[in-house]
Amino acid sequence: HRPEEIGVAEAVFIWVKSYDTQMALRHALPLIGDHTQLISLQNGLGNLEVLAQSVGENRVLGGTTAQGATLIGDGRVRHAGEGMTLLGLYSGKKAANGELPDAEVVRFAKMLQNAGIPTQPVADVKTALWHKLIVNAAINPLTAITGLKNGQLIECEETHLLLGTVVKETVEIALAEGIQLEGDVKRHVEDVCRTTATNTSSMLQDVLKRRRTEIDAINGAIVATAAERGLSAPINRTLTYLVKAIEFQSSGATNHEPTA
């Protein structure tokens, strides 16, 4: 059914590539009423801000998911991994005791849980987004550039060292942004590499299929955040440039003559 045939919905899930958020929102307009909640589980930064500009902060839920999937053809998806989904309110509004998630968050988390998607409501979605961002920033571009699978990143000494430098730099930027990170972040990223060892990362999938990647919303967004704080992010900037160069090559613009 087309959106206009369905009518106003209680919730609209925006689960597209970060660069398609605006387009998805435009297509979904017939579904969005005065009380419709928009729910994003997208990679990177900036998606929730786009949605909030349309309906307001209190009607946007965001989060992360460790569910893995590989698109293998039109209408065909391989479920590549099972993991927890975290969901929170974009505005950061909390319950009266200041610690529990908003009631709407709990309600939609239960909805996903009942649909077979393990989901946990959280009061601080920004921290959850940054935890996932650090994982994506370390794994995705390194696999996209090298062609390695996730687990190979920590088997190869050089990429393992690079992974550590990306994590260190990004953690410093997150702390400057006021994000309260928990646990050993580098070890967590290494654990993700191990548990998804045979996975082809989403960014490597995009490169192999000559599609646009989400580098701007991941490492590029980290570079932009660092600049806002008066910090530099040379590792993330370099990874962003390298992946953009791969995109440039994939676009067929291989006869580009640099100007003097």
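The values are calculated or read from the model by the stated rules, or taken from the named source; none is laboratory data. Bear in mind the structure is a predicted one, so any value in this text is a computation, not a measurement. Note that we place each Cβ from the backbone using ideal geometry, even for glycine, and neighbour counts take in every protein chain shown. Note: accessible area is taken over every heavy atom of the protein model, side chains too, but ligands, DNA and RNA are not part of it. Shrake-Rupley method; radii C 1.70, N 1.55, O 1.52, S 1.80 Å.
Tabulated data
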quantity	calculated
Accessible-area composition of the chain, carbon plus sulfur, in percent [1.4 Å probe]	54
Where labels lie 7 Å past Cα in the beta-carbon direction, separation of V16 and R187 in nm	4.1
Global geometry of segment 133-260, whether rounded, prolate or oblate, following the gyration tensor of its Cα atoms and the 1.5 cut on a/c	oblate
Heavy-atom accessible area per residue - the chain, 1.4 Å, Å²	53
Loop trypsin sites (Lys or Arg not before Pro), segment 203-256 (other Cβ atoms within 10 Å of the site Cβ: 11 or fewer; DSSP)	K209
For the chain, the spread of Cα positions along each principal axis, largest first, Å	53, 42, 38
CD proxy at 222 nm, helix term only [per DSSP H run n ≥ 4: -39500 (n - 2.57); per residue of the chain; nearest 500]	-14500 deg cm²/dmol
Whole-Å distance, taken between Cα centres, linking segment 154-185 and segment 1-47	32
Aspartates and glutamates with Cα under 14 Å of K186, excluding same-chain neighbours fewer than 8 positions away	E169, E172
Selected from D102, D74, D216 as most flexible by GNM, with the chain as the system and alpha-carbon contacts under 10 Å	D74
At most 12 other Cβ within 10 Å, DSSP loop - GluC sites (Glu not before Pro), segment 1-87	E10, E82
Efficiency of FRET from Cβ geometry, C156 and S91, R₀ 51 Å, rounded to 0.05	0.75
Using a Förster distance of 25 Å, the FRET efficiency for Q120-R194 (Cβ separation, nearest 0.05)	0.70
